[in-house]
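To start, the structure under review is shown below, and the notes come after it.
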Amino acid sequence: MTVRGSSRILALSSLTLVGCLDPTAGGDDASATAATMSPGTTDSPGTAAPTSEPPTSTSITGTTTSPTSTGEPTTTDGTTGDPPPEPPDLWCPGGPQGGCEAQPDAPLEAGAAVLSIVPNCWEKWVDVDMDNEWKPADDMLLDCGCDQKCPGDPGYTKPDAGEGDGELQALFMAGFGHDRPAYGVRDATHGLVGGDDGLWARAVAFRQGESTLAIVAIDTVGYFNNDVEAIRELLPAQDIDLDYLIVHATHNHEGPDTMGLWGEDLFTSGYTPEYRQQVRDTIVEAIVGAFKDMREVGSMRVGEVDVSTYHPKGMGNLLRDSRDPWIADETISAAHLSDTEGMPIATLVNYGCHPETLADDNYLVTSDFVHALRRTVETGSEWQTAAGKPGLGGPAIYINGAVGGMMTTLGVNVENPDGETYQAASFEKADSVGQMLGEMALDAVAMGEEITGPALRFAAKRFRAGVRNTNFKLMFDLQVLEREVFNADMPGKEEIETEMALVELGPIQMLTVPGELLPELAIGGYDGSHINADGVPLLKPDNVNPPDLRAAPPGPYIEDRMGLTYRWIVGLGNDELGYIIPEYDFQLAETMPWINEAEGNHYEETNSLGPDMAALVDQFADLLIHWSKS
């Protein structure tokens, strides 16, 4: 077992958007090209001359930007900086908002609930010509209406909305290109462990004295902050006294569009009002269910293991970093909670990777490798010949980490315990990845530590971020992306509002990040210390425009500055603002920036809010960390 952090601070313990497909992924599971958006202009920063030399502890120089809460950056030396003078907007226990006064002797309580978020209304179709593309003239529409039941089907009563009208009521899948309508939901006939796959809202609620927190993980590609705010407004009517809510999207690329970017065409949202409301209502219902399940925590086991030690290829057996420099967080962490009777409440798992193993040729709704991971933690793993591991019972809640960069299973040749290898996109590959990760999470719990009297603390801060990406501005203007834009009539000054939070649960410290953080911003690794993959170079030798690692920011990095033993990044926490990229390597193409990629590995810039986001995240991480230590 490896544990980051040299000490346990007991005092604190008591406290893309267009798509994430990398067109240069390689391998026969990466066949598509990324969708493009309309041209725009930018005031892009200058870029340093490239070099392939990694930095040393004495040669890193440069500055980073420390933005204000309005998104306008100012410059300070180093990466830690002084936190802004303002405090968080809320914190518990004892925050200025009231309602969560400290009760030092109060026990920790927790409850969990799991509900499906597979859309209620859509129609299936049959890919008759087997070309992985919906063509009305060549394929068969199952024109059965919202409920997918036609005359003669079990349970059929009468025609419903859309039945027999000859038009496909599509469920547009997110994460790659436009016009990708699903034709079914993955089941037990596909892959190694396909039963009970689907899309889920998995809620865990915590209460200690008057302080209450809920975390809901949903199997979607992303979830905007305005939707989170709308859910918060629905909770009082349910008689739920909740101090703070975190909605985390697992970044699943094999489910419905929940942002608006993947509809029938570029200018048509794929996120219907009906499904938007269904997701909101289901999240509320899951929170209510978690509160109803609330029980005193009798046992909490927490641990983490090094993923790279499980196979000779290291991390290269499960993921790759598609963008130079190769930096991958090797840690998978898990926390298992059970009640005073020894019955399981929930298991939380934290690990960073894109759930996109099925790539863009898949038209079956699935939660990708996350399904097999959670299933393994809950009920155990099942291999064809190798021995499996028993599960822990209770619901598993997967929390994705720093996935930018990008951390992906595309192009990876995966070998499972049966000795089978998979490189092409398949459910067998997704299930292999998920089950192996699930077994590692089980090991993290088994080899972890028992926590006595875990305490709950949390704080949150809202702030504004500048919208530099002109394509995002266009999508906001057209309301393809439904988002309130501040200073919309001031070109170059447009902003949107978002938030970050810090949660402390016993020795675990969770930092929410409103997008896809590149791992190096959290853990460093510019010196090659986080490659963790056999034979993989820090920089690709054929990269025509490698990053200038001499200009990379020095540490301490975000996780270095966090105070507790187990340090979790909660990627896409309460928002999805695209990739969050180190400013030193933020490069845009000279022509048609935000659409075309600069030479080298610079796809992520086209799906980012702008070059200021890394500094903003760093700034407000510092603010929250400063609060936790004060």
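The values are calculated or read from the model by the stated rules, or taken from the named source; none is laboratory data. The shown structure was predicted, so the numbers you read here are calculated from the model rather than taken from an experiment. Virtual Cβ from ideal backbone geometry, glycine too; neighbours counted across all protein chains shown. Remember, those area values only see protein heavy atoms, side chains included, never the ligands or the DNA or RNA. Shrake-Rupley method; radii C 1.70, N 1.55, O 1.52, S 1.80 Å.
Scanning the stretch 497-516 for residues that are farther than 26 Å from Glu450 by Cα and in contact with a Phe, Trp or Tyr (Cβ under 8 Å, 6 or more places away or on another chain) yields Glu497, Thr498, Glu499, Met500, Gly515, Glu516.
Conditions tested, residue by residue: (1) among the polar types (S, T, N, Q); (2) out of contact with any Phe, Trp or Tyr (no Cβ under 8 Å at 6 or more places or on another chain); (3) within 15 Å of Ala446 (Cα to Cα).
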residue	(1), (2), (3)
Ser299	yes, yes, yes
Asn317	yes, no, no
Ser333	yes, no, yes
His354	no, yes, no
Ala359	no, no, no
Ser367	yes, no, no
Val377	no, yes, yes
Leu392	no, yes, yes
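Pairing each residue of the stretch 217-238 that is surrounded by fewer than 24 Cβ atoms within 10 Å (Cβ to Cβ) with any residue that is modelled with pLDDT under 95, provided the two are 6+ apart or on different chains, yields C-beta distances under 7 Å for Asn226/Glu482; Asn226/Arg483; Asn226/Glu484.
Residues in the stretch 601-630 that are under 18 Å from the mean Cα position of the chain (by Cα), in a helix (DSSP H, G or I) and not charged (D, E, K, R): Asn607, Met613, Ala614, Val617, Ala621. Within the stretch 95-111, no residue that is on the phi > 0 side of the Ramachandran plot and exposed (fewer than 12 other Cβ atoms within 10 Å of the Cβ) sits with its Cβ atom under 7 Å from a residue that is of a type in the set (Asp, Glu) and at pLDDT 90 or above at 6+ positions apart or across chains. Residues considered: Gly411, Gly438, Gly404. Of these, the only one that is within 21 Å of the chain's Cα centre (by Cα) and closer than 20 Å to Thr220 by Cβ is Gly404.
Within the stretch 220-238, one or more residues are more than 28 Å from Glu495 (Cβ to Cβ), of a type outside the set (A, V, I, L, M) and out of contact with any Ser or Thr (no Cβ under 7 Å at 6 or more places or on another chain). The set of residues in the stretch 206-228 being more than 21 Å from Asn400 (Cα to Cα) and not in a strand (DSSP E or B) consists of Gly209, Glu210.
Applying the condition of being more than 18 Å from Met613 (Cα to Cα) and of a type in the set (Gly, Ala, Ser) to the stretch 511-567 and asking which residue is modelled with the lowest pLDDT yields Gly563.
Within the stretch 322-369, restricting attention to residues that are part of a loop (DSSP other than H, G, I, E, B) and of a type in the set (A, V, I, L, M), the residue that is nearest to Val204 (Cα to Cα) is Met343.
Within the stretch 533-571, the set of residues being surrounded by 18 or more Cβ atoms within 10 Å (Cβ to Cβ) and of a type in the set (S, T, N, Q) comprises Thr565 only. Looking at the stretch 370-479, the strands (runs of 3 or more DSSP E) lying wholly inside it that each contain 2 or more residues that are buried (at least 23 other Cβ atoms within 10 Å of the Cβ) sit at 396-400, 456-466. Answer with yes or no whether Pro593 is over 24 Å from the mean Cα position of the chain (by Cα) and open to solvent by 10 Å² or more (accessible area, probe 1.4 Å). The answer is yes for Pro593.
Got a number for residues in the stretch 319-361 being β-branched (Val, Ile, Thr) and over 15 Å from the mean Cα position of the chain (by Cα)? Residues flagged as β-branched (Val, Ile, Thr) and over 15 Å from the mean Cα position of the chain (by Cα) within the stretch 319-361 amount to 5. When residues in the stretch 599-614 are screened for being open to solvent by 10 Å² or more (accessible area, probe 1.4 Å) and of a type in the set (Gly, Ala, Ser), 2 of them pass.
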